[in-house]
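Single-structure report; data block below.
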Amino acid sequence: MALYARHKPALNNFKSVRRWERAYEYGSTAHVGLIGAWCFLAFIVTDDRTVQLFALAVALAYAVGISGRNFGGERLVNAQLVALSFPMITGLLASGSIDNALLAVFLAPFFISLKRISARLRAILLDAVISARDLRIVNGRFDTALNNMPHGLAMFDSGGRSMVANSQWGSFFAVPEATRHGVFVPEIFGAAAAAGLFRSEARQTASDLAARVTGGETGKM
């Protein structure tokens, strides 16, 4: 992780990123395999139930987080689940204890359920990524269309706060408040009047516009 953090700024192509991804896959799977091997030895080498339960608890606690830590990546999740579950279940069965054998039988569906949870998580994350990409595309097209309109356009919510404003609207008022998100109508007109862009009637116009926006009215002014 320290090496990756040091080299991350220079990663600018798929090949180099994939190399680091493989390093993570091998390293993390080996780490999980060591936890599984420790659990295996705890049931083979000793009969101390405290040692066995401690090793089993640590292994299961690590197993629960495999899906989330790896964002549901199928290959990596499968590799880590196998590296953890195989030695754990083998150690339980090889210990010669009926209790441990029953525990091994119950652990098998537990690991299968983790695999299914990972698949669902992967689908959710993929849908979120695709939706975010599509939203960026739509927003980009909307911004392009909005800023290429010949007239100034601004949209306000029911409370009179600015939600959307194109560049022509900003050019018309020529004050920073004009295109700032969440600014109230009187603030825009007030800033424009203070800058000497409008006559004193601007404040009354702002009040009228704010009243019409908050009241849901339509029409020209």
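The values are calculated or read from the model by the stated rules, or taken from the named source; none is laboratory data. Computed from a predicted model, the values in this text were never measured in an experiment. Note: ideal-geometry Cβ built from the backbone for every residue, glycine included; neighbour counts use all protein chains shown. Surface areas here come from the heavy atoms of the whole protein model, side chains and all, with no ligands, DNA or RNA. Shrake-Rupley method; radii C 1.70, N 1.55, O 1.52, S 1.80 Å.
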With every protein chain in place, the accessible area of LEU60 for a 1.4 Å probe, in Å² rounded to the nearest 10, comes to 40 Å²
Students often get this wrong: which residues of segment 35-53 have the backbone nitrogen under 16 Å from the point 7 angstrom along Cα-to-C-beta of PHE106? 53
Can you compute the charge dipole magnitude of segment 1-123 about its Cα centre, using +1 on each Lys and Arg Cβ and -1 on each Asp and Glu Cβ, nothing else charged? Give it in debye, rounded to the nearest 20. 860 debye
Neighbourhood net charge (15 Å Cβ-Cβ; Lys/Arg +1, Asp/Glu -1) for GLY170: -2
For LEU11, LEU56, give the ranking by accessible area with the largest first, probe 1.4 Å. LEU11, LEU56
At each listed q (0.10, 0.16 Å⁻¹), what is the log10 of I(q)/I(0) that the Debye formula gives for the chain modelled as equal alpha-carbon point scatterers? -0.69, -1.06
Residue span ALA61 to SER131: 0.36 nm per residue of separation minus Cα-Cα distance leaves a gain in nm of 22.0 nm
About the Cα centre of the chain, what is the dipole size in debye to 20, counting +1 per Lys and Arg Cβ and -1 per Asp and Glu Cβ, all else neutral? 620 debye
